[in-house]
Amino acid sequence: MLKFLIPVDGSEPAAETVKQFRNYLSWIGPEVEIHLLNVQQRIPYGKRVSSVIGRDRIARYQQEDGSAALKPARALLDKAGIPYQHHIVVGDAAETIIQYAKEKGCDQILMGTKGMGSLAGVVMGSVATKVIQLSPVPVLVMKKRRPAAR
């Protein structure tokens, strides 16, 4: 059984990745295991902030934010009747995605990209670029299809 990891952040590129993957399932076949993963960033100044706000409140916020980010991808798979597992974790996005893929024995990571171009990727950094560079698991980056020029 093939295992796929699809990191989602609630963005349009993440939803587009799920849409495109849903179409590829007809080629791959029904014997797949799909993991949707949302990575919440650690709160800066964690100990100081959690002492004022409270760890439970921060954890609740991260769960709510993660659930909201997963909602569009889950709705697409639910509508198509495709089974999946979903997870919310806290950490550095790229490192956590790679660690999760290794721990679950995923065969491939499928990611969307915002398509900001190479200069923006160099200046701002990119989770997809970092995952591609560091992952021992194959990574497929899916870009949103653009309408054909007329």
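Points to keep in mind about this one:
- Where a residue in segment 123-150 is closer than 19 Å to Ala14 by Cβ and assigned to a helix (DSSP H, G or I) and its partner, wherever it lies, is modelled with pLDDT under 65 and not small (Gly, Ala, Ser), with Cβ under 8 Å and at least six apart: Met124/Met116
- Inter-residue pairs, beta-carbon under 8 Å, first on the phi > 0 side of the Ramachandran plot and in segment 101-119, second at pLDDT below 90 and surrounded by 17 or more Cβ atoms within 10 Å (Cβ to Cβ), 6+ apart: Gly115/Pro13
- Yes/no for Tyr24 being modelled with pLDDT of 95 or more and either of a type in the set (Val, Ile, Thr) or under 20 Å from Ser135 (Cβ atoms) (or both): no
- Within the set Ile97, Ile109, the sole residue that is closer than 16 Å to Pro13 by Cα, crowded, with 18+ Cβ neighbours inside 10 Å, at pLDDT 95 or above and in contact with a strand residue (DSSP E or B) (Cβ under 6 Å, 6 or more places away or on another chain) turns out to be Ile109.
- Scan segment 58-83 for residues that are free of Cβ contacts under 8 Å to residues at least 12 places away in the same chain, more than 16 Å from Asn38 (Cα to Cα) and assigned to a helix (DSSP H, G or I) and the total you get is 2.
- Note on segment 1-18: residues that are surrounded by fewer than 19 Cβ atoms within 10 Å (Cβ to Cβ) and either without any contact (Cβ under 8 Å) to a residue 60 or more places away in the chain or at positive phi (or both) amount to 2.
- Subset of segment 66-94 (residues that are surrounded by fewer than 18 Cβ atoms within 10 Å (Cβ to Cβ) and among the small types (Gly, Ala, Ser)): Ser67, Ala68, Ala75, Ala80, Gly81, Gly91
The values are calculated or read from the model by the stated rules, or taken from the named source; none is laboratory data. What you see is a predicted model, and the numbers here were worked out from it, not measured in a lab. As a convention, Cβ positions derive from the backbone with ideal geometry for all residues, glycine included, and neighbour counts pool all protein chains shown.
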